[in-house]
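So the structure is just underneath, and the comments pick up after that.
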Amino acid sequence: MDVALLAALFAAALIPWWPIHEHGWFLACVGVALATGLAIGAVGALRRWPSWAVALTIASAYLLLGVPLAVPSRALFGVLPTAAGMVDLLTGTALSWKQLVTVQAPVGAYQSLLVPAFLLTLVGSAISATIALRTRHPIAAVVPPSVVFASGIALGVVHEQFAVAAGLAFLVAVVAWLVRIAITRRRALGASRRLEAALADLRRWVGAAAILLVALVAAAVVAVVVPTPQRTVVRSEIQPAFELRDLRTPLAGFRNAFAPDAADRPMLAVRGLPEDVGLRLATLDTYDGVVYSVGGDDGREISSRFARLPYRIDRTGAPGEQVVIDVRVLGYEDVWVPGAGLLAEIAFGGPRAASLADEFVVNDVTGVAAVQGGMAADDSFTAESVVVDPVDDGALDTLRPGTAVLPPGPELPEELRGWLLDHTPSTGEPGERLAAAITAVRQEGYVSHGQEGEASSRSGHSLDRLVELVMDRPMVGDGEQYAVLSALFAREIGFPARVAVGYLPTADDEPDADGWMVLTGERLQAWIEVRDAEGRWIQVDPNPEVREIPDRQPEDPTEVSRPQSVPPPPEDRTPVEDLGADSDLTPDDGEGADDPWVGILLAVLAWTGVAALAVLVLASPILVIMAAKAARRRLRRRAASGRQRVQGAWQEFADLATDYGIPVPSGTRAEQAAAIGGFDSVVLAGVVDRLLYGPETPGKAEARRVWDAVDGLSRRFATDAGAGRAFRAAISLGSLGGYAGSRRGGRA
């Protein structure tokens with residue numbers, strides 16, 4: 001009876017472990033471990049083994065059964081331990097605990113992740129049986145199964161599956177064991193003390209029943225009144241070791257796919273991809289005004305948390321249709337694993353199948369997956385996913401915004417907000433506004449990747465590039481700009497939105513006889529995904545059709561003709577003004593008019609004035625240059641907004657470097673700082689980029705600090721260069737060449 005009750009205790013304690021594995025081999029593993037541990041404890045009690053003999057038997061059973069039960073992939077013929085399996089078993093004894101919480105649950109029988117459950121069950125059951133059958137305190141036998149139960153909760157999953165069932169089952173098992181101990185003790189008492197023991201037991205049971213009743217009432221009140229917080233377990237607090245900051249998103253190198261040597265290059269072959277659905281590489285949900293990325297730099301966003309996927313993800317109840325796609329890698333080389341929808345299960349093929357499976361990580365929220373070592377030619381896989389069909393253009397206006405937790409983005413510039421208001425009805429429904437915005441982007445936009453022979457189109461998707469996009473006539477860009485612009489518009493309207501980058505087949509991509517469709521580099525595209533009220537992430541393609549781009553229109557084609565002003569007639573002259581220069585009215589010169597010293601003094605003053613005028617004439621170009629630079633500096637420093645003052649400070653610094661003879665390129669501020677040289681230049685460029693494209697608008701105080709830094713760098717330039725070169729820089733025309741100053745303003 002004791003052994004049977006202990007088996008029931010451990011069976012209840014192992015319930016929280018089932019959601020971790022969800023595999024039939026888990027039942028076999030813990031079942032054999034439980035039977036073996038209880039047998040060791042029972043035989044040791046019957047044979048009166050010493051403690052060292054019991055411990056040695058437990059260790060021997062662990063080594064003998066550990067490989068076939070806890071590391072089945074390393075067992076020979078499924079039953080015999082191997083040297084490699086023994087190494088995995090011994091290392092897993094110490095390391096599998098951490099691996100268990102960094103791998104996406106359920107883990108199945110993956111590698112050595114069954115070792116924790118096997119070890120706890122084997123050792124715990126042997127200790128419990130020994131305590132129950134050989135000590136004077138058998139009540140302590142509930143401690144090992146309690147440790148197993150608590151470990152399953154701590155190392156388990158966040159959702160509340162089996163929580164109530166596990167708690168009730170373990171409570172019933174513990175109560176049954178306590179009753180068994182009470183009955184055993186009562187039978188051990190003498191006949192003279194049975195009545196006294198019975199009365200004592202009655203008092204204990206009545207007191208226990210009263211306490212249990214009060215606890216149940218209090219728990220019911222708390223459950224109704226107090227909201228239940230989200231469960232926190234070890235798995236939810238540990239950040240897996242997959243560093244996103246060192247990875248470049250597909251959107252950052254978007255235009256590389258359209259280079260002449262890459263556009264026609266076969267990248268992937270896919271089979272089973274639903275019609276009009278893109279083969280996604282990455283889903284980007286974090287925008288800082290400069291770059292759209294996967295998760296944030298601090299790694300706190302849920303989209304930043306990647307975990308290993310040894311088995312599968314339960315997608316029961318997820319909106320969409322379950323599909324199976326096959327993918328072969330041809331020329332594609334990157335860490336991002338192509339896919340569609342929400343991944344449920346994946347099986348790798350090819351010569352590197354085992355290593356790819358070991359390095360595969362996935363984000364359960366976005367469905368984005370990666371292989372830490374990167375994918376290469378001849379890799380292949382079969383993926384089972386849940387895919388939501390794209391919505392037809394005519395049905396966009398019927399969508400209603402859903403809810404989703406996304407990292408906050410920057411404030412939309414006034415130019416973008418004004419463009420959105422001009423093209424969407426401000427009083428319309430969110431779906432109608434979204435449809436109008438997407439339609440306007442498609443109709444007004446033209447596609448150019450900025451390659452040779454195409455219309456000029458600057459890369460990048462920072463806020464200033466998007467402002468430039470909507471202000472130009474015509475709008476010229478590609479998927480990098482149109483997807484980010486549409487995502488910002490969707491979020492402004494009220495839809496949770498994110499940017500997806502991947503390969504989007506066209507009508508020209510026909511599958512072969514076996515159903516395989518080859519995607520080349522030029523099929524790389526960016527689109528958006530919006531979440532509706534039904535909880536679906538819906539794919540929306542905002543990209544215009546490729547068509548001929550008209551000539552660029554002038555910025556101000558209309559000249560305003562102003563009426564000529566008619567000057568008023570001259571006023572009548574007064575009698576005093578009509579008086580002539582009468583010699584009789586000229587005042588007397590006085591007595592000293594003929595003094596020779598006065599004439600000499602007047603001559604000296606005249607020649608001095610002539611010399612000063614000559615010097616002034618000769619120095620006038622220098623003075624004009626210095627005055628122009630001073631006026632330019634004053635205008636930049638006293639601009640209307642803090643953003644303009646910060647940008648003007650960087651332009652002043654770039655112009656200063658140009659005057660000192662340092663060639664400054666027309667690229668980003670980081671590139672300009674690298675060309676100028678010096679750690680302070682790089683720091684200043686980073687500060688200016690953060691202030692201009694960060695989530696908060698810089699104020700005048702921030703602008704003043706940037707200008708103080710520029711003044712300090714100016715003084716350092718003058719000190720290092722010497723007085724002569726500093727003077728030549730002050731009168732240099734290098735920074736006054738037309739629009740050179742604006743071109744040197746830099747970009748992020």
> Is it the case that Val365 is open to solvent by 50 Å² or more (accessible area, probe 1.4 Å) and under 20 Å from Trp537 (Cα atoms)?
Replying inline: yes
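State whether one or more residues within region 11-31 are β-branched (Val, Ile, Thr), over 18 Å from Ala70 (Cβ atoms) and surrounded by 15 or more Cβ atoms within 10 Å (Cβ to Cβ). Please lay out each step first, then the result.
If we filter region 11-31 for residues that are β-branched (Val, Ile, Thr), which is where we start, we get 15, 20, 30.
With over 18 Å from Ala70 (Cβ atoms) added as a condition, the list becomes 15.
Okay, now just the ones that are also surrounded by 15 or more Cβ atoms within 10 Å (Cβ to Cβ), so 15.
Yes, some residue in region 11-31 is β-branched (Val, Ile, Thr), over 18 Å from Ala70 (Cβ atoms) and surrounded by 15 or more Cβ atoms within 10 Å (Cβ to Cβ).
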> Can you name the condition, by its number, that Trp527 falls short on among (1) in contact with an Asp or Glu (Cβ under 9 Å, 6 or more places away or on another chain); (2) over 21 Å from Gly450 (Cβ atoms)?
Replying inline: (2)
>> Every residue in region 666-677 that is open to solvent by less than 30 Å² (accessible area, probe 1.4 Å) and either closer than 28 Å to Gly409 by Cβ or touching a residue at least 40 places away in the same chain (Cβ under 8 Å) (or both), please.
In response: Gly667, Thr668, Arg669, Gln672, Ala673
>> Filter region 36-56 down to the residues that are under 11 Å from Leu122 (Cα atoms) and surrounded by fewer than 21 Cβ atoms within 10 Å (Cβ to Cβ) and list them by number.
In response: Ala39
>> Restricting to region 437-489, and then to whatever is outside any helix (DSSP H, G or I) and among the charged types (D, E, K, R), can you tell me which residue is surrounded by the most Cβ atoms within 10 Å (Cβ to Cβ)?
In response: Asp478
> Is it the case that Ser385 is among the hydroxyl-bearing types (Ser, Thr, Tyr), crowded, with 17+ Cβ neighbours inside 10 Å and within 24 Å of Arg473 (Cα to Cα)?
Replying inline: no
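Mind listing just one residue for me: the one in region 678-697 that is assigned to a loop (DSSP other than H, G, I, E, B) and open to solvent by 30 Å² or more (accessible area, probe 1.4 Å) and, of those, nearest to Val646 (Cα to Cα)?
Among them, the one singled out is Thr697.
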> Taking region 111-138, which residues are crowded, with 24+ Cβ neighbours inside 10 Å, free of Cβ contacts under 8 Å to residues at least 60 places away in the same chain and part of a loop (DSSP other than H, G, I, E, B)?
Replying inline: Ser112
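Do we find a residue being within 22 Å of Ala307 (Cα to Cα), buried (at least 17 other Cβ atoms within 10 Å of the Cβ), at pLDDT 75 or above and in contact with an Asp or Glu (Cβ under 7 Å, 6 or more places away or on another chain) anywhere in region 67-87? Walk me through how you get there before you give the answer.
Narrowing region 67-87 to residues within 22 Å of Ala307 (Cα to Cα): 70-71, 73.
Now drop any that are not buried (at least 17 other Cβ atoms within 10 Å of the Cβ), which leaves 70-71.
Pick out the ones that are also at pLDDT 75 or above and you get 70-71.
Next, only the ones that are in contact with an Asp or Glu (Cβ under 7 Å, 6 or more places away or on another chain) stay: 71.
Yes - at least one qualifying residue is present in region 67-87.
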> In region 701-733, what count of residues is obtained for those that are exposed (fewer than 13 other Cβ atoms within 10 Å of the Cβ) and of a type in the set (Val, Ile, Thr)?
Replying inline: 1
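Filter region 640-652 down to residues that are in contact with a Lys or Arg (Cβ under 9 Å, 6 or more places away or on another chain) and open to solvent by less than 50 Å² (accessible area, probe 1.4 Å), then give me how many there are. Break it down stepwise before answering.
Taking region 640-652 and keeping what is in contact with a Lys or Arg (Cβ under 9 Å, 6 or more places away or on another chain), we get 641-642, 644-645, 647-652.
Okay, now just the ones that are also open to solvent by less than 50 Å² (accessible area, probe 1.4 Å), so 641-642, 645, 648-652.
Counting residues in region 640-652 that are in contact with a Lys or Arg (Cβ under 9 Å, 6 or more places away or on another chain) and open to solvent by less than 50 Å² (accessible area, probe 1.4 Å) gives 8.
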> Checking Glu468 against (1) in contact (Cβ under 8 Å) with a residue 12 or more places away in the chain; (2) more than 21 Å from the chain's Cα centre (by Cα), which single condition isn't satisfied?
Replying inline: (1)
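The values are calculated or read from the model by the stated rules, or taken from the named source; none is laboratory data. No experiment lies behind these values; they were computed from the predicted model shown. A quick note on method: Cβ atoms are made from the backbone with ideal geometry, for glycine too, and the neighbour counts reach across all protein chains shown. The protein model used for the area step is the full one, side chains on, heavy atoms only, and it has no ligands, DNA or RNA in it. Shrake-Rupley method; radii C 1.70, N 1.55, O 1.52, S 1.80 Å.
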